[in-house]
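Just so it is clear, none of the values below were taken in a lab; they were calculated from the coordinates. The model shown is predicted, which means the values in this text are computed figures rather than measured ones. Virtual Cβ from ideal backbone geometry, glycine too; neighbours counted across all protein chains shown.
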Amino acid sequence: MNNTIKLAVAGAVLSAASVANAGIIIPAGDWTLDVNGNVNVYASMTKYDDTTEVAGGLSGEKSGTGADDQNQTIGTGLLPAWLGFTGTTRQNDLDVSFTISMQPTTSDNAATGDQEAPLFRQAFLTFGDASWGSVKMGKDLGIFAGNAILGDMTLLGVGSNAANSGQSTTLGGIGTGYIYPAWKGQMAYTTPNMNGFQAKVAITNPNQSNTALVATTRQDRFGLEGQVEYTFAQGKVWVSGASYDVSDGTYDWDATVMDIGTTVNMGNTTLTAYYYSGEGVGSTLFGGGVGTGNTLTGGADMGTDELGNERDSDGGYIQATYVIPTGTKLGMAYGVSRLDTATNDTTANAVLDENSRWTIGAYHPLTKHLNLVAEYNAIESQDHGAGATSGVTAESDTISLGAILFF
């Protein structure tokens, strides 16, 4: 099973022995091919409590007093359906591998059911040795906030944004506790494991930002991401960060962020705590965005105002899970992502203040590979208000029932 899926399984399944340690192994000459992935499907039922819209909010709304206050969807959760291929070999005293994966959809809103294109989230090679570490080149999950998403229990479930029927994925805890690490072109080095300590550092594609207005030909350096992690018998603790120097052709700004997190296992109980703080990085997708004349182009949750002035943001989540004698993992989590206004955020625009989430979940290993999932998610969004209007608040509640199968 490729590294991302392995980490996802380890972080989300925790102590429930509900998936295999590898996919379908095929010897092929000098190579060993691992075919792996998952299929997951959830029926989600969402009820909206408010008719007003929060710019940049994740709670959703009825979109008017005459609109329906409920929505029903069938689709994937935070993980897309996945089909991955990893090949490994040992050549010239080097461990060499490649990984290529694709993520088809399990639902679609089009009349034909053929509108959504598959994702392609991974295409990278690695080489290295246990004595000196490893090098990765290609597209894979970003380093900053990677542990945050892989430790989120909604990785086996739904989290927020379930009401967007027919999409490739929901958001899980993205934007309600951590920023999306995204899938990035990178050249990364990971040190060998030194008595539990391990570090990784990468240069990344500098043109990846949460706005179409960022000029792809005017970035004066690579993005930088790194992490230091210490693993011990009962868990791990880590610190990671990212730094980007962004330009849209008119304005320039820095997008910088740091985080710290820990996961501790105590018998059948697992506790996770995570916190991040940054400037110019937004609250949901990583990056800043600019518009014109106080009209943000989808920018209420972005890292800058329309003149490229950086907004501060922070957030985090706490999570507790417990595996009962039947093998069912029960969990509860609270997460919040907050965003401050910047210099030119005037009363003419209502910038996102915060998105928060309560999750209660049950994840039952029906077989070695198949998990049944039940989740309740309560999402609340609030903006900073505009003019004499106080901040607008919107809330929604979602119940999701489904299953995820790993192979």
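In terms of the mean number of neighbouring beta-carbon atoms within 10 Å, the peptides 302-311, 395-404 order highest first as 302-311, 395-404. Backbone phi angles across the stretch 140-145, fed through the Karplus curve with coefficients 6.51, -1.76 and 1.60 (θ = phi - 60°), yield HN-Hα couplings of 7, 4, x, 7, 4, 6 Hz in residue order; Gly and Pro are listed as x. Each peptide in 107-115, 250-258, 353-361, 135-143 receives the mean, over its residues, of other Cβ atoms within 10 Å, and ordering these scores from highest gives 353-361, 135-143, 250-258, 107-115. Using the Cβ-Cβ distance between T112 and T326 with R0 set to 51 Å, the FRET efficiency works out to roughly 0.75. Highest average first, the peptides 222-229, 71-78 ordered by how many other beta carbon atoms sit within 10 Å of their residues are 71-78, 222-229.
The aspartates and glutamates whose alpha-carbon is closer than 18 Å to the alpha-carbon of K329, local same-chain residues fewer than 8 away aside, are D152, E375.
The alpha-carbon atoms of the stretch 3-406, seen along their principal axes, cover 68, 50, 47 angstrom, with the largest extent given first.
In this structure the amide hydrogen of V351, modeled in the peptide plane, comes within under 5 Å of the amide hydrogens of H384, G385, none closer than 5 places in sequence on its chain.
Model label points for A233 and I203, set 7 angstrom from Cα along the Cα-to-Cβ axis, are 4.3 nm apart. Once both labels are modelled 7 Å past Cα along the beta-carbon direction, what's the I318-T191 spacing in nm? Label at I318, label at T191, 3.1 nm between them.
Quick one: if the Förster radius is 35 Å, what FRET efficiency do N92 and R221 give, using the C-beta to C-beta distance and rounding to 0.05? Kindly include the intermediate steps, with their values, before the conclusion.
Details: r = 33 Å, r/R0 = 0.95.
About 0.60, to the nearest 0.05.
A simple spin-label model places pseudo-atoms 7 Å from Cα toward Cβ; at I360 and V135 they are separated by 5.2 nm.
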